[in-house]
Amino acid sequence: MTQAYILTLSCPDRRGLVHAVSGFLLEQGANIEEASQFNDSATGLFFMRVQFACEHSDLAGLKAATAVMADTYEMKWSLHAESERMKTVLMVSRQGHCLNDLLFRWKSGLLPIDIKAIISNHRDFYQLAASYNIPFHHIPVTAATKAQAEAKQFEIIEAEGAELVVLARYMQVLSNDLCQKLSGRAINIHHSFLPSFKGAKPYYQAHDRGVKLIGATAHYVTADLDEGPIIEQDVARADHTDTVEDLTARGQDTESQVLARAVKWHSEHRVLVNGHKTVVFR
């Protein structure tokens with residue numbers, strides 16, 4: 001029976017890489033269905049995403065064969081079955097627009113993820129979680145209990161086997177330790193078009209400055225607050241007639257859409273980290 005797989009890789013750029021990968025897949029009896037590549041002349045790195053089908057049903061054996069090929073070219077790589085849904089944990093505080101949007105898209109089959117749990121430092125959305133039959137974990141966070149709270153959060157994330165953690169307007173700054181543990185698998189939505197208007201009330205700042213564009217930024221979480229590799233951004237128009245409430249509502253819609261796209265692309269293995277930037281094979 002034919003199986004579909006997704007191979008992603010990055011390595012120092014050199015001649016013959018596309019030929020090497022396609023030749024390897026031919027040897028495995030694979031048929032390439034989608035392929036994207038990028039050569040970054042600034043870093044000298046090569047990035048590639050290949051979706052292919054073959055009758056190779058032994059994923060472990062296919063990974064072992066891939067490792068031999070990858071070692072030759074110093075590749076960082078990953079291989080996944082296309083049918084796998086990425087195990088995901090959502091984290092939220094008291095603003096639920098992004099959480100609502102992700103849950104609806106997931107339930108509608110629009111996101112290739114498997115939501116295993118919702119973690120919050122408030123109780124606001126326990127009924128929403130129950131309506132989707134998703135475990136809800138209320139873990140209060142204070143300055144005095146932050147370390148213990150994060151230990152509980154990480155225990156849940158690991159127990160659920162989460163490959164992705166989404167901060168869907170989780171309004172607590174993660175510690176450096178937790179950021180490192182979640183490196184490359186935690187996505188945050190920032191409620192402004194970075195790097196402008198950082199802080200707790202970006203739409204008040206935007207309104208005060210009379211901006212003509214507002215926006216949102218989805219990025220990977222790092223120890224440097226709001227400085228992680230950017231996955232997706234978008235903007236919405238604004239004018240002098242808009243109130244703070246208008247900007248907030250329009251901004252929240254933008255946040256939800258930007259975060260959903262970032263989650264979708266990450267869960268489809270379309271995002272590769274390139275230093276402090278990303279390569280996104282849409």
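The values are calculated or read from the model by the stated rules, or taken from the named source; none is laboratory data. The model shown is predicted, which means the values in this text are computed figures rather than measured ones. So basically every Cβ, Gly included, is an ideal-geometry build from the backbone, and we count neighbours across all protein chains shown. These area figures cover heavy atoms from the full protein model, side chains too; ligands, DNA and RNA do not enter into them. Shrake-Rupley method; radii C 1.70, N 1.55, O 1.52, S 1.80 Å.
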(request) State the answer as a single residue: which of Pro112, Leu79, Ala35 lies farthest towards the positive end of the charge dipole of the chain, with beta carbon charges of +1 for Lys and Arg and -1 for Asp and Glu, about the Cα centre. (result) Pro112
(message) Leaving out ligands, DNA and RNA, and with a 1.4 Å probe, what % of the accessible surface on the chain is carbon or sulfur?
(response) 50
(request) Using a/c under 1.5 as the rounded threshold, could you call the range 77-198 rounded, prolate or oblate? The axes a ≥ b ≥ c are square roots of the C-alpha gyration tensor eigenvalues, and prolate needs a/b larger than b/c, oblate otherwise. (result) rounded
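Of the listed pairs Lys76/Lys107; Lys107/Lys201; Lys107/Lys264; Lys181/Lys277, which have alpha-carbon separations greater than 22 Å here?
Exceeds cut-off: Lys76/Lys107; Lys107/Lys201.
I need the calculated FRET efficiency for the pair Asp208 and Leu26, taking r as the beta carbon distance and R₀ as 41 Å, to the nearest 0.05. Could the numbers behind the result be given before it?
Details: r = 60 Å, r/R0 = 1.46.
Between Asp208 and Leu26 the formula returns 0.10.
Top to bottom by accessible area (1.4 Å), largest first, where do Phe125, Phe52, Phe104 land? Could the numbers behind the result be given before it?
On the way: Phe125 30, Phe52 5, Phe104 125 Å².
The most accessible residue leads, giving Phe104, Phe125, Phe52.
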(request) Give me the distance in nm between label points sitting 7 Å out from Cα along the Cα-to-Cβ direction at Ala4 and Leu128, one decimal. (result) 3.1
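Return the inverse of the average 1/r over all pairs of distinct C-alpha atoms in the chain, which is the Kirkwood hydrodynamic radius, in Å to one decimal. Let's see the in-between values first.
On the way: mean 1/r = 0.0491 Å⁻¹.
20.4 Å is the Kirkwood radius here.
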(request) Could you size up the charge dipole of the chain around its Cα centre, putting +1 on the beta carbon of Lys and Arg and -1 on that of Asp and Glu, and report it in debye to the nearest 20? (result) 400
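At most 14 other Cβ atoms within 10 Å and a DSSP loop assignment: could you name the GluC sites (Glu not before Pro) in the range 50-90 that fit?
Glu55, Glu74
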(message) I need to check one value: relative contact order of the chain, counting alpha carbon pairs closer than 8 Å and at least 6 residues apart, in percent.
(response) 16
(request) Treating the angle as unsigned and between 0 and 90°, give the value, to the nearest 10°, between the Cα long axis of helix 146-159 and the longest Cα principal axis of the chain. (result) 40
(message) Rolling a 1.4 Å sphere over the protein heavy atoms, what is the accessible area per residue of the range 4-69, to the nearest Å²?
(response) 50
(request) Rank Ala143, Met91, His190 by how far each Cα sits towards the positive end of the charge dipole of the chain (+1 on Lys, Arg Cβ; -1 on Asp, Glu Cβ) and give me just the farthest. (result) Ala143
(request) Give, as a single signed number, the net charge of other residues whose beta carbon lies under 15 Å from the beta carbon of Val165, with Lys and Arg counted +1 and Asp and Glu -1. (result) -1
(message) On C-alpha positions alone, give me the angle between the axis of helix 97-107 and the longest principal axis of the chain, in degrees, nearest 10.
(response) 40
